[in-house]
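Here's the structure, in structure tokens; my notes come after.
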Amino acid sequence: MRNNTKLIIFRRTVFVILILITNILQNTRGWFPEIFSARAFLLIPLIVCLGMFEREVVGALLGALAGALWDSVFGLADGYNALFLMIIGGGCGLLINILMRNHLLTALILSGSATLLYTVFYVLFFVTAQGMDSSVWLFLRFYLPSAIYTVLFTPIYYVMVRYLMRLTKTVHEF
């Protein structure tokens with residue numbers, strides 16, 4: 001029992017470090033490549049994959065942590081990222097527990113859906129609601145390519161998280 005607890009603590013510590021590194025890569029200009037001005041929202045596929053493997057509660061908590069870190073460098077959102085990623089992390093864990101199987105295609109579907117929801121809601125709440133005239137153009141020119149660019153990183157995160165889960169699999173889990 002004691003070894004199981006140590007493995008779980010080790011695994012979740014590695015996940016928190018992965019969230020910190022991903023946050024730095026995503027939010028520091030010049031550290032991650034932009035393709036035709038499209039930026040990857042790297043925390044979204046990471047939280048989707050973490051929620052898929054860690055399930056509801058831990059997925060929601062890790063999502064809230066990642067969103068709070070994202071909000072700390074993104075002064076405009078007022079907790080939007082923390083709330084959104086918490087819902088995504090918990091929701092993906094719940095879907096895997098109840099409805100879906102945990103494999104790469106599911107991760108791609110969930111990551112694509114989450115990224116598209118994030119961009120649509122962000123444009124509605126923070127661009128259109130602010131009265132910007134060119135919100136549709138901004139969505140098509142920046143946010144949609146960024147969403148597509150983001151989903152491309154899902155397999156990388158999925159393989160990393162799955163490997164760590166298998167490495168630290170405990171007796172009473174799953």
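I need the full set of residues from segment 1-27 which are more than 21 Å from Met86 (Cβ to Cβ) and among the β-branched types (Val, Ile, Thr), in order please. Within segment 1-27, Thr5, Ile9 meet the criteria.
A quick yes/no check of all residues on (1) under 17 Å from Tyr157 (Cα atoms); (2) in a helix (DSSP H, G or I); (3) small (Gly, Ala, Ser):
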residue	(1), (2), (3)
Ala82	no, yes, yes
Leu85	yes, yes, no
Ala107	yes, yes, yes
Leu110	yes, yes, no
Phe125	no, yes, no
Val136	no, yes, no
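Among the residues of segment 1-43, those identified as under 24 Å from Leu167 (Cβ atoms) and touching a helix residue (DSSP H, G or I) at 6+ places or on another chain (Cβ under 8 Å) are Arg11, Arg12, Val14, Phe15, Val16, Leu18, Ile19, Leu20, Thr22, Asn23, Leu42, Leu43.
Would you check which residues across segment 161-170 are open to solvent by less than 80 Å² (accessible area, probe 1.4 Å) and not β-branched (Val, Ile, Thr) and list them?
To start, the set of residues in segment 161-170 that are open to solvent by less than 80 Å² (accessible area, probe 1.4 Å) comprises 161, 164-165, 168, 170.
Scanning segment 161-170 gives Leu164, Met165.
Within segment 115-128, the set of residues being β-branched (Val, Ile, Thr) and open to solvent by 40 Å² or more (accessible area, probe 1.4 Å) comprises Val120, Thr128.
Let me confirm something: among Gly59, Gly51, Gly89, which residue is part of a helix (DSSP H, G or I), open to solvent by less than 20 Å² (accessible area, probe 1.4 Å) and either closer than 23 Å to Val123 by Cα or β-branched (Val, Ile, Thr) (or both)? Quick ask: steps written out before the conclusion?
Numbers: Gly59 fails: either closer than 23 Å to Val123 by Cα or β-branched (Val, Ile, Thr) (or both); Gly51 fails: either closer than 23 Å to Val123 by Cα or β-branched (Val, Ile, Thr) (or both).
Checking each option against the conditions leaves just Gly89.
Residues that are among the hydrophobic types (A, V, I, L, M, F, W, C) and open to solvent by less than 20 Å² (accessible area, probe 1.4 Å) within segment 62-71 comprise Leu62, Ala66, Trp70, listed in sequence order.
Taken residue by residue, segment 96-114 has no member that is touching a Lys or Arg at 6+ places or on another chain (Cβ under 6 Å), surrounded by 15 or more Cβ atoms within 10 Å (Cβ to Cβ), touching a residue at least 24 places away in the same chain (Cβ under 8 Å) and under 21 Å from Ser37 (Cα atoms).
If the condition is being open to solvent by less than 50 Å² (accessible area, probe 1.4 Å), among the aliphatic types (A, V, I, L, M) and over 13 Å from the mean Cα position of the chain (by Cα), then segment 20-48 contributes only Ala38.
Quick check: is even one residue across segment 130-152 open to solvent by less than 80 Å² (accessible area, probe 1.4 Å), among the β-branched types (Val, Ile, Thr) and in contact (Cβ under 8 Å) with a residue 60 or more places away in the chain?
First, the residues of segment 130-152 that are open to solvent by less than 80 Å² (accessible area, probe 1.4 Å): 131, 134-135, 138-139, 142-147, 149-151.
Next, only the ones that are among the β-branched types (Val, Ile, Thr) stay: 150-151.
Applying the additional criterion that residues be in contact (Cβ under 8 Å) with a residue 60 or more places away in the chain yields 150-151.
Scanning segment 130-152 turns up at least one residue that is open to solvent by less than 80 Å² (accessible area, probe 1.4 Å), among the β-branched types (Val, Ile, Thr) and in contact (Cβ under 8 Å) with a residue 60 or more places away in the chain.
The values are calculated or read from the model by the stated rules, or taken from the named source; none is laboratory data. Because the structure is predicted, anything quoted here is derived from the model rather than measured. Note that we place each Cβ from the backbone using ideal geometry, even for glycine, and neighbour counts take in every protein chain shown. Ligands, DNA and RNA are stripped out before the accessible areas are found, and what is left, the full protein with its side chains, is counted by its heavy atoms. Shrake-Rupley method; radii C 1.70, N 1.55, O 1.52, S 1.80 Å.
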